[in-house]
Amino acid sequence: LPTVLPDALAETADLWSGACTVRWNLSEEAQGLAAQSATTAECAAEIVREGVGNAVRHGGATHVDVTSVAQSPRLVLVIADDGCAGHHEERKGLGSRMLDEMCVRWTRETDDLGTRLIAELAT
């Protein structure tokens, strides 16, 4: 179980390597939090997969940075990309509903530099 999140980060970066550069940083403290809870680790891995996939497929991102840090008692994921988020519909999509279910709190910010998703998970 301790490798679920690092493996998901590496697999996601490898999966999109032909279309996008995905860099990731998992702090030692964040890895420790994820290793303590199978649910947190799986949720974090799924959020990374969804966030990076959306950045590439919908935003046309060529660079995505994924950062995982511990802000005890929470695991915080930041997925920042250089894509164009476009217009977010009023109706929430599957990804937004997933974030609502998995996160204590999440936000998505878009500006001229790209999009930044911040997801806070309970541990």
Next on the checklist: Below 14 angstrom from the Cβ of Ala80, what's the summed charge of the other residues (Lys, Arg +1; Asp, Glu -1)?
Outcome noted: -3
Checklist entry - Over segment 1-55, what is the relative contact order in whole percent, taking alpha-carbon pairs under 8 Å and six or more residues apart? => result 50 percent
Checklist entry - Excluding ligands, DNA and RNA, what is the solvent-accessible area per residue of segment 6-101 at a probe of 1.4 Å, expressed in Å²? => result 55 Å²
Checklist entry - How much length is gained on full extension from Arg57 to Ala35, taking 0.36 nm per residue of separation minus their Cα-Cα distance? => result 4.9 nm
Checklist outcome for this item: Taking protein heavy atoms only, a 1.4 Å probe, and rounding to whole percent, the accessible area of the chain owed to carbon and sulfur comes out at 49 percent
Next on the checklist: Compute the helix-to-body angle for 4-15: its Cα long axis versus the longest principal axis of the chain, expressed 0 to 90° and rounded to tens.
Outcome noted: 30 degrees
Checklist entry - By average Cβ neighbour count within 10 Å, what is the ranking of 63-69, 27-33 from highest down? => result 63-69, 27-33
Checklist outcome for this item: Expressed in µm² per second, the diffusion coefficient of the chain from the Stokes-Einstein equation, with Rh the Kirkwood radius over alpha carbon pairs, at 10 °C and 1.306 mPa s, is 111 µm²/s
Checklist entry - With labels modelled as points extended 7 Å from the Cα through the Cβ direction, what inter-label distance (nm, one decimal) is found for Val104 paired with Ser27? => result 1.3 nm
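The values are calculated or read from the model by the stated rules, or taken from the named source; none is laboratory data. Remember, it's a predicted structure, so these values are computed and weren't measured experimentally. Here the Cβ is made from the backbone with ideal geometry for all residues, glycine too, and neighbour counts use every protein chain on show. Just so you know, the surface numbers come from the protein's heavy atoms only, side chains and all, with ligands and any DNA or RNA stripped out. Shrake-Rupley method; radii C 1.70, N 1.55, O 1.52, S 1.80 Å.
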